[in-house]
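Participant: What follows is a single structure, and I will ask about it in a moment.
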């Protein structure tokens, strides 16, 4: 089980974010996930993964993002920056 962070205190690191993002996927090898990965180009990416990632970010980081936020992010690192700004 992945521990969750308090919604009042979130100390995110990019490496941790990439790992948790990758944990949402079941078919894509872990080696396919790096900060510069363009996640929308992953074969496994789709509307269900959008919901799973939004849920993971809410549950693990106490942040709320929208599908538009995901559309505005091109890489995992850019999504991380959006999440940090929330």
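Bear in mind that the values in this text are calculations on the coordinates, not laboratory data. Please read these numbers as outputs of a predicted model, since none were measured by experiment. For neighbour counting, all protein chains shown are included, and Cβ atoms are generated from backbone atoms with ideal geometry for every residue, glycine included.
Participant: Give the label of the value calculated from the structure for Rg/Rh (Cα atoms, Kirkwood Rh), choosing from (1) 1.09; (2) 0.92; (3) 0.98.
Facilitator: Checked against the structure: label (2).
Participant: Per the Kirkwood formula on distinct C-alpha pairs, the Rh of the range 41-86 is how many angstrom?
Facilitator: One decimal place: 10.7 Å for the Kirkwood radius.
Participant: Right, another one. Kindly provide the helix-only [θ] at 222 nm of the chain, computed as the sum of -39,500 (n - 2.57) over DSSP H runs of four or more divided by all residues, to the nearest 500 deg cm²/dmol?
Facilitator: When only DSSP H runs of four or more count, the value is -14000 deg cm²/dmol.
Participant: To make sure I understand, if each residue's beta carbon is the centre and we count other beta carbons within 10 Å, what order do 57, 76, 52 fall in, fewest to most?
Facilitator: In increasing order of surrounding Cβ atoms, one gets 52, 76, 57.
Participant: Between residue 74 and residue 48, 0.36 nm times their residue separation minus their Cα-Cα distance comes to what?
Facilitator: Gain on stretching residue 74 to residue 48: 7.6 nm.
Participant: By count of other Cβ within 10 Å, fewest leading, how are 37, 66 ordered?
Facilitator: Ranking 37, 66 by Cβ neighbours within 10 Å, fewest first, gives 66, 37.
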